Amino acid sequence: MSLAQANKNLKFDKRMTERNVTVGEMTKEELQKYLESLPDLSHNVEKFTVDGKSSSTEEESH
């Protein structure tokens, strides 16, 4: 894979977006439109505490 292709694949990578906006490779509006197009996956979140125990009500009842 060429460097140009690798950079294209990383255009919306979280670690690259600020740089891409700063150097003009994408606009803030383009980034915002992309972010709004992402699916809401919040239902896949599993909450946990620092001690490693789950904080869900299902686990607390045991």
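Here are some notes:
- Within region 7-56, the set of residues being more than 18 Å from the chain's Cα centre (by Cα) and loosely packed, with under 10 Cβ neighbours inside 10 Å comprises 22, 23, 24, 49, 50, 51, 52.
- Residue check, residue 8 free of Cβ contacts under 8 Å to residues at least 60 places away in the same chain, out of contact with any helix residue (DSSP H, G or I) (no Cβ under 8 Å at 6 or more places or on another chain), assigned to a loop (DSSP other than H, G, I, E, B) and charged (D, E, K, R): no
- In region 21-42, the residues that are of a type in the set (Ser, Thr, Tyr) reach residues that are surrounded by 10 or more Cβ atoms within 10 Å (Cβ to Cβ) with C-beta atoms within less than 6 angstrom, at least six apart or across chains, in these pairs: 34/12.
We did not get these values from a lab; they are worked out from the coordinates using the rules stated. Model, not experiment: these values are computed from the prediction. Reconstructed Cβ throughout: ideal geometry from the backbone, glycine too, with neighbour counts over all protein chains shown.
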